[in-house]
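Input: a single structure, listed below in structure tokens.
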Number of protein chains: 2
Amino acid sequence: MTNKFPQRSHCPINYALESFGDKWTLLIIRDLMFNDKQSYGDFLASGEKISTNILADRLKRLEELGIVTKGAQAPNRSKVAYSLTQKGRDLLPIMLEITRWSGKYDADTYASRSFLMRLEQDRDKLIAAIRAGW
Amino acid sequence: MTNKFPQRSHCPINYALESFGDKWTLLIIRDLMFNDKQSYGDFLASGEKISTNILADRLKRLEELGIVTKGAQAPNRSKVAYSLTQKGRDLLPIMLEITRWSGKYDADTYASRSFLMRLEQDRDKLIAAIRAGW
């Protein structure tokens with residue numbers, strides 16, 4: 001049986017890196033998860049200035065990995081709506097722990113003090129609240 | 001003031017990606033955090049077969065970012081002992097959430113069922129136990 005994504009190892013850290021170990025993929029996940037973005041054009045407009053070819057490549061890969069799913073194809077591909085699958089939504093605790101770490105160490109972080117406080121004080125409740133909105 | 005590491009943005013997800021958004025860095029963190037590895041040779045011996053030039057580059061960057069610190073230089077550089085700083089150790093919750101996600105979605109995961117169970121049932125206690133050993 002051939003495997004489209006041969007793994008270097010099945011170490012859980014490695015599995016994750018094979019899925020999103022690059023400089024861009026988690027930004028797309030972030031936009032889908034927290035920023036209410038869903039179209040090609042939405043992702044392109046984000047502050048980090050992802051290029052069209054990297055975006056197309058990463059979205060395709062995320063679909064193949066079952067992390068993102070694509071709505072019905074519209075005539076204009078900028079109108080296709082992407083969304084997170086359950087596997088994608090299950091990245092939430094990772095994203096929140098990343099936010100906590102960056103909030104602690106990046107003096108110029110965009111993360112609001114109130115969000116970081118909520119995360120520090122009751123992470124599980126915050127996760128439940130976000131999930132309730134899905 | 002020039003900044004050696006200009007950020008694409010101060011989004012907390014982006015900050016983390018600028019620190020470890022590649023296919024290798026978290027494997028080095030993993031080896032330091034969970035596998036009791038500390039030397040150049042130790043990291044090279046890991047299953048994913050990191051190359052010497054990538055390893056040297058990532059270790060240098062991790063030092064510059066204050067995530068890893070290097071012990072006294074021995075005559076043979078393979079004997080230099082690296083260790084995690086507090087900033088590095090604070091990656092623990094991220095590493096554990098990654099383990100949980102991969103443990104759920106990688107059918108061939110190396111993560112043991114007992115470890116995943118512990119993580120699922122009492123994550124905070126597990127974190128405290130690991131920290132107590134540092």
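The values are calculated or read from the model by the stated rules, or taken from the named source; none is laboratory data. Only a predicted model underlies this, so the values are computations on that prediction, with no experimental measurement involved. Methodologically, a virtual Cβ is constructed for each residue, glycine included, from the backbone with ideal geometry; neighbour enumeration extends over all protein chains shown.
Determine, yes or no, whether A:Ser102 is in a helix (DSSP H, G or I) and of a type in the set (Ser, Thr, Tyr). Against the criterion (in a helix (DSSP H, G or I) and of a type in the set (Ser, Thr, Tyr)), A:Ser102 qualifies. Does B:Asp36 meet the test of being more than 10 Å from chain A (Cβ to nearest Cβ), in a loop (DSSP other than H, G, I, E, B) and surrounded by fewer than 19 Cβ atoms within 10 Å (Cβ to Cβ)? Taking the combined requirement at face value, the residue satisfies it. Of all residues in region B:61-83, those that are assigned by TED's automatic domain parsing to the domain that holds B:Phe43 have Cβ atoms under 9 Å from Cβ atoms of residues that are modelled with pLDDT under 95 and β-branched (Val, Ile, Thr), 6 or more apart or on another chain, in B:Lys70/B:Val80; B:Gly71/B:Val80; B:Ala72/B:Val80; B:Gln73/B:Val80; B:Ala74/B:Val80. With respect to being loosely packed, with under 13 Cβ neighbours inside 10 Å and under 30 Å from B:Ile67 (Cα atoms), A:Arg113 fits the description. Filtering region B:1-16 to residues that are among the small types (Gly, Ala, Ser) and more than 8 Å from chain A (Cβ to nearest Cβ) leaves nothing.
Take the conditions (1) within 15 Å of the chain's Cα centre (by Cα); (2) surrounded by fewer than 14 Cβ atoms within 10 Å (Cβ to Cβ); A:Asp22 misses just one of them, which is (2).
None of B:Phe20, B:Phe34, B:Phe5 is in contact with a helix residue (DSSP H, G or I) (Cβ under 9 Å, 6 or more places away or on another chain), of a type in the set (A, V, I, L, M, F, W, C) and not assigned by TED's automatic domain parsing to the domain that holds B:Gly66 except B:Phe5. If we scan region A:37-51, do we find a residue that is under 25 Å from A:Ala128 (Cβ atoms) and not charged (D, E, K, R)? Looking for residues that are under 25 Å from A:Ala128 (Cβ atoms) and not charged (D, E, K, R), one finds at least one in region A:37-51, hence yes. Being surrounded by 14 or more Cβ atoms within 10 Å (Cβ to Cβ) and either within 7 Å of chain A (Cβ to nearest Cβ) or in contact (Cβ under 8 Å) with a residue 40 or more places away in the chain (or both), is that true of even one residue in region B:117-125? Checked region B:117-125: no residue is surrounded by 14 or more Cβ atoms within 10 Å (Cβ to Cβ) and either within 7 Å of chain A (Cβ to nearest Cβ) or in contact (Cβ under 8 Å) with a residue 40 or more places away in the chain (or both).
Considering only residues in region A:17-33 that are facing chain B (nearest Cβ under 8 Å) and free of Cβ contacts under 8 Å to residues at least 40 places away in the same chain, the one that is farthest from B:Ala16 (Cα to Cα) turns out to be A:Glu18. Every condition in (1) more than 13 Å from chain A (Cβ to nearest Cβ); (2) under 16 Å from A:Trp101 (Cβ atoms) is met by B:Thr52 except one, and the failing one is (2). The residues of region A:1-16 that are without any contact (Cβ under 8 Å) to a residue 12 or more places away in the chain and in contact with an Asp or Glu (Cβ under 8 Å, 6 or more places away or on another chain), listed by number, are A:Gln7, A:Arg8, A:Ser9, A:His10, A:Cys11, A:Pro12, A:Asn14, A:Tyr15.
Just to be sure before I move on: is B:Asp122 under 25 Å from A:Ile127 (Cβ atoms) and either of a type in the set (Val, Ile, Thr) or out of contact with any helix residue (DSSP H, G or I) (no Cβ under 9 Å at 6 or more places or on another chain) (or both) in the structure I sent? So B:Asp122 passes the test.
A:Lys87 falls short on exactly one of the conditions (1) within 9 Å of another protein chain (Cβ to nearest Cβ); (2) of a type in the set (Lys, Arg); (3) farther than 30 Å from B:Arg123 by Cα, and that condition is (3). When region B:43-69 is filtered for residues that are touching a helix residue (DSSP H, G or I) at 6+ places or on another chain (Cβ under 6 Å) and among the charged types (D, E, K, R), the ones remaining, listed by number, are B:Glu48, B:Arg58. Scanning region A:39-65 for residues that are part of a helix (DSSP H, G or I) and among the acidic types (Asp, Glu) turns up A:Asp42, A:Asp57, A:Glu63, A:Glu64.
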